[in-house]
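Some notes on the structure that comes next.
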Amino acid sequence: MPFTGLSFLLLLQDLGISSYAASIASPACHDKGRTNQTIRWVDCHDRVPEPIEPVLNITGSTFVGDLPPNLFCGEMDVPMDYSKPFNAKHNNITIGFAMTRPSKRASGLVIYHAGGPGENAAAQIWASALNLSASFEGLEDFDVLAVNMRGIQFSNPLNLSSGVFFDDIPAFPSNEEEFKQYQAAMTKFYDAAIRDSTPPGIMEHVSSAEMVEDWESVRRALGYEKVNYAGVSYGTFVGLSYATSHPEVVDRFVLDAAIPHGMSFQDMVKFQVAAANRVVQRADAFCLNDTSCPFYGQGNGSVIKAWEAVLAQAEKSPIPAPSCLSNSTEISCISPVTPTDLRRNLDFLLRSESGFSLFNLALNQSLNGDASGIAYAPATDIRETVVSPLLCSDTKIDESIKTWDGFNNLTLNAKREGLDPFNIIYSQIWQLGLQCSVWPFDTSERTTLPTDLPIMWMTSDFDLNLPTELTTFSWQQAPNSTLVIRHGDEHTSILMPAPADAAGNVAREFIRTGFMPGSRDDAEVTIIAPGGERPPVPGAYEVPTGAIAGDF
């Protein structure tokens, strides 16, 4: 599909929007350390997001082919520390973004946050412009903006390249010695990132509070008085911060798969363990209709029985993983496989879109003495990535759970309440909390952010990343808001393709028209209007599996 690659000025002339674009600089503003910085539009050929590089078959640093005319790239200088005045030498970083823009005056501005934290939001804009994604279908008349979070590509990336601190340290510590080793490695990782990242001090200024003010800087420079917003996963945490700190600019906000403000860390861990148990049941339900499942035809509960058998086998004696490679130059996974490895990789496998098939196959192979499909793989670990600095800058960890006894106790809450029948114990939220237990900077207390704004909250029944209870908690703090529940699996709904796109279509229609939908309850979506009450999470076997439920 040929596109015309033009410079920004030629685009302005050809699209007839030079007068509109020329007005994007905002008046000078002096709150929160801002001055009247303006946007620098740059050639997108030099700003290809890393996730898009394989799609465009880039071998160098610049793409030399044609790009679509509605794709725009820019950057802006902002204060590193918004509590102080902007200073080009001593209080300045550069943030980068990508946009799709219509050829006529836009109907409004939509800010998109891709979650993570640390997902490359600009890549989603590129995917939309290149017709690789229908995520923003119906919003073609809007300016759709994705500002990359601080610390990643185009927005002052952190230097996290040391790559040596976690050799031979388990992803989920199972005793006090491993716990202390993990904390020591995490401390070394943070110290190196603080030392190696520039400008000095940047590691202390990568929180959602700075992200919100970066958005405000770009919004003002673009000349918009109001903002529409679509945020998924971690983007919900930042999005609610934006809405409550700048309610005067809020128009239509969609927050999809919430990380809640104010929920106790203990409850977040407990709910994720409960969600993992539900997703094991969903893998079992999937197997009932999947002829390729090794347990197909064995009836309800066959996958659960296999999981319990494999776990019991590993507890008796770790299971070999002969397909794992382990030498001085390459490590794909680690053998033999312990019960902790099984629990950790259950969580990993069931997060992926093809997870049910992979998980069921791996269970069957493990029953036959080969646990390679569910072995711990260091390449999948998130410890030494940008996730922990970005997340921990927003995550206050109670002193009582910074010790092994405190953290170990977290894993028992779900068991005590009968929410862990399959003995899963651990969760990724538990691991992330461990990473944050030695974060070297002060963070804000976890408090709820109640609001009367009419926000649309979205969730799916069997989300493992951010369990549906977390979104319910957030929605309950916003009495004028609407809750959209997608019946199915997987994380987030806005990006879900057909035929599981009913909830995403509801969200895009709300952003496009401004009309909040009324109540609805069918096999695909339940919508609960303000003042309504959410029913219990449906049983794992009550919701259809397959493509309609997001199982691809």
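FYI, it's all coordinate maths here, none of it is from the lab. Bear in mind the structure is a predicted one, so any value in this text is a computation, not a measurement. Neighbour counts run over all protein chains shown; Cβ positions are idealised from the backbone, glycine included.
Over its Cα atoms, what ratio of radius of gyration to 2.2 N^0.38 Å does the range 57-136 give?
Working: Rg = 15.6 Å, N = 80, 2.2 N^0.38 = 11.6 Å.
Scaled against compact globular proteins, the figure is 1.34.
Translational diffusion coefficient of the range 412-552 at 10 °C, 1.306 mPa s, Stokes-Einstein with Kirkwood Rh over Cα pairs, in µm²/s as a whole number. My calculation gives 94 µm²/s for D.
Please find the FRET efficiency linking H90 to D398, where r is the Cβ-Cβ separation and R0 is fixed at 30 Å, and quote it to the nearest 0.05.
On the way: r = 35 Å, r/R0 = 1.18.
E(calc), rounded to 0.05, equals 0.25.
Basic side chains Lys and Arg get +1 at the Cβ, acidic Asp and Glu get -1 at the Cβ, and with that the dipole of the chain about its Cα centre reaches some 600 debye. Temperature 20 °C, viscosity 1.002 mPa s: under these conditions the Stokes-Einstein estimate for the range 33-96, based on its Kirkwood radius over C-alpha pairs, is 156 µm² per second.
The Cα-based radius of gyration of the range 196-288, divided by its Kirkwood radius, gives an Rg/Rh of 1.13. Count the net charge of all other residues whose Cβ sits under 11 Å from the Cβ of S161, scoring Lys and Arg as +1 and Asp and Glu as -1. That sum, taken over residues with Cβ under 11 Å, equals -2.
Annotation: extensible slack from A309 through T385 equals 23.9 nm (criterion: 0.36 nm per residue apart, minus Cα-Cα distance). With the simple spin-label model, which puts each label point 7 Å out from Cα in the Cβ direction, the Y541 to A498 separation comes to 3.3 nm.
E176 to L358: extension gain in nm, 0.36 nm per residue of separation minus the Cα-Cα distance?
Length gained between E176 and L358: 62.3 nm.
On the principal axes of its alpha-carbon atoms, the range 322-415 has extents of 44, 36, 27 Å, going from largest to smallest. The three principal axes of the C-alpha atoms in the range 472-538 carry coordinate ranges of 31, 30, 20 Å, sorted with the longest axis first.
Binning the C-alpha pair distances of the range 397-457 at 5 Å intervals from 0 yields a P(r) profile of 4, 14, 19, 17, 15, 13, 12, 5, 0 %, listed from the shortest bin outward.
Please report the net charge: other residues with Cβ closer than 10 Å to the Cβ of R446, K and R +1, D and E -1. Numbers along the way, then the final one.
Numbers: positive: K396; negative: D394, D398, E445.
Summing Lys/Arg as +1 and Asp/Glu as -1 gives -2.
The calculated P(r) of the chain, using every Cα pair and 10 Å bins from 0, goes 3, 17, 27, 28, 18, 6, 1, 0 in percent. Can you find, among G518, N409, Q431, the residue farthest towards the positive end of the dipole of the chain? Put +1 on the C-beta of Lys and Arg, -1 on that of Asp and Glu. Among G518, N409, Q431, the one farthest towards the positive end of the dipole of the chain is G518. Mind jotting down the distance between the C-alpha centroids of the range 387-418 and the range 333-380, whole Å? Answer, in whole Å: 24.
With the charge dipole of the range 448-521 set up from +1 on Lys and Arg Cβ and -1 on Asp and Glu Cβ about the Cα centre, the Cα lying farthest toward the positive end among the listed residues N465, S493, A507 is that of A507. Working from label points 7 Å from Cα in the Cα-to-Cβ sense, the A529 to I58 distance is 4.8 nm. Annotation for the range 453-481 versus the range 246-314: alpha-carbon center distance of 16 Å. Based on Cα atoms of the range 357-488, Rg over Rh with Rh as the Kirkwood radius reads 1.02.
P(r) tail for the range 429-474: Cα pairs beyond 12 Å make up 74% of the total.
Could you list the GluC sites (Glu not before Pro) in the range 364-465 that lie in coil according to DSSP, counting only those with at most 13 other Cβ atoms within 10 Å of their Cβ? Display every interim value, and only then the final one.
Values: sites: E384, E399, E417, E445; in loops: E384, E417, E445.
Answer in residue order: E417, E445.
Taking Lys and Arg as +1 and Asp and Glu as -1, the other residues whose beta-carbon sits under 10 Å from that of V249 total -1.
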